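Structure record follows, encoded as structure tokens.
The values are calculated or read from the model by the stated rules, or taken from the named source; none is laboratory data. Remember, predicted model here, so these are calculated numbers, not experimental data. Glycine gets a Cβ as well: all are built from the backbone with ideal geometry, and neighbour counts include every protein chain shown.
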Amino acid sequence: MDASLLQIAVDPQIVFSFCLFAGGGVALGTASGLVPGLHANNFALLLAATAASIPADPLFVGVAMLTAGVVHTFLDIVPMLTLGVPDAAMAISALPGHRLVLEGRGREALRLSAVGSGLAVAVALPLAVPITWAMTHAYPFIRAHLWIVLGAVVCLLVATESSTEAMVGGLVSFGLAAALGWVTLDVTPEAPLGAGSMLTPLLTGLFGAPILLDAMGGGGVPPQADAKLTMGRRDLGLTAGAGSIAGAIVGYLPGISAAIASVMALPAVPNRDADRGFIVATSGANTANTVFALFALIALGTPRTGVMVAVDSTGVPLDVPVLLAAVVVGAACGTLLVVALGDRYLLTVGRADYTRVSLVVLAFLSVLSFGFTGLFGVLVFAVSTVVGLVPPRFGARRVHLMGVLIGPLMM
């Protein structure tokens, strides 16, 4: 057994500190996962800003950050499925998760996501070392030709669209998002909360607000049926594994999101269960990303996520066994919390006035943008929202909006 894990196992004070900070991370990850627009990055940056005043070993602050990040990847599916559900007549153009909710299979979708994330952690942990070894050797070449690699990813995303019109829409969306990122990402915001990032108004504007606006006239969440999983075990395992491998790409390549990784994993998704497969693959890529991003920080010294940026800036000791224990705790708690809270969340929103819920969430996103980036952030949020409305008008996927990160990196 590793010395650090042995010390945790036999020292009551260290056990208490680990459990306390891991529990705090679970609470923060639950809050960020269930509140639309919040991300574990927000809390991680706040923790990083206040770390010096926290009377604790920085390692345990890192445990809280990492646990929060993992729990968030499990629970962020809940508001994603519940909010922005369109009218049934628009189901054909809806997101895969929303289509399942409209069919009354939202409870199943929640469990598919939890299983996908849980299996992804199980796959990622044993693969992290060999994949990190391979990426460490390949990274100098990738770094030297990064614009070519990212360009190939963009071409793949455009080429896999369903029609010529969607391809054009994808290119237009990418260009607009890239220009927006080029203009705003390097701005240092005057954040009332003292720790902010332009990613908050950019990502909530591009990916959150437009979905709410497009669904404003919808009927909300219809009654949901039982939670039985109808996706075969073999298909479920293969899809989660593909999502986990795709998450490795997200963990080591800058600018590549879990949504992009899930598109790259789509060839492994069975056609007969495309919507369910997409949820499993996306959830798996999103959660596996946390594991691989941790190893990328350790091996390459390059933080790939907001949580890892916070871990790096706080000077958290990279004690791999302890931090991986935090990942396992986060995954176990996240799986339970999806089931415990997800059904109730669907039911509560389903009974509410959907237009009013959407307006309240939009107002909250505006306040959130102001809190983390000031008045300039609110302006960026508004412009991002307009850009985020573009892809559906062409029948294109919203994933092209990740040009907000990929475009500046390529340039």
* **Lone unmet requirement of (1) without any contact (Cβ under 8 Å) to a residue 60 or more places away in the chain; (2) crowded, with 20+ Cβ neighbours inside 10 Å; (3) closer than 22 Å to L146 by Cα for G277** => (3)
* Could you figure out which of (1) part of a helix (DSSP H, G or I); (2) farther than 20 Å from V26 by Cα isn't true of Y345? => (2)
* Structure fact -> Exactly one of L75, L34 is surrounded by fewer than 22 Cβ atoms within 10 Å (Cβ to Cβ) and modelled with pLDDT of 80 or more, and that one is L34
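Does A179 satisfy the criteria of being at pLDDT 85 or above, over 24 Å from L359 (Cα atoms), surrounded by fewer than 20 Cβ atoms within 10 Å (Cβ to Cβ) and of a type in the set (A, V, I, L, M)?
Details: at pLDDT 85 or above: yes; over 24 Å from L359 (Cα atoms): yes; surrounded by fewer than 20 Cβ atoms within 10 Å (Cβ to Cβ): yes; of a type in the set (A, V, I, L, M): yes.
Yes: the conditions hold for A179.
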* To do: For segment 319-327, state whether one or more residues are of a type outside the set (V, I, T), at pLDDT 85 or above and in contact with a Lys or Arg (Cβ under 9 Å, 6 or more places away or on another chain).
  => no
* Structure fact -> Just one listed residue, out of G334, G315, is of a type in the set (G, A, S), in contact with a helix residue (DSSP H, G or I) (Cβ under 7 Å, 6 or more places away or on another chain) and modelled with pLDDT of 85 or more, and it is G334
* To do: With the checklist (1) modelled with pLDDT under 90; (2) under 22 Å from the mean Cα position of the chain (by Cα) in hand, flag the one item V129 doesn't pass.
  => (2)
* To do: Spot the failing condition for V329; the list is (1) farther than 24 Å from A242 by Cβ; (2) surrounded by fewer than 18 Cβ atoms within 10 Å (Cβ to Cβ), and only one is missed.
  => (2)
* Asked: Does segment 286-318 hold any residues that are surrounded by fewer than 19 Cβ atoms within 10 Å (Cβ to Cβ) and of a type outside the set (V, I, T), and which are they?
  -> A299, L300, G301, P303, D312, S313, G315, P317, L318
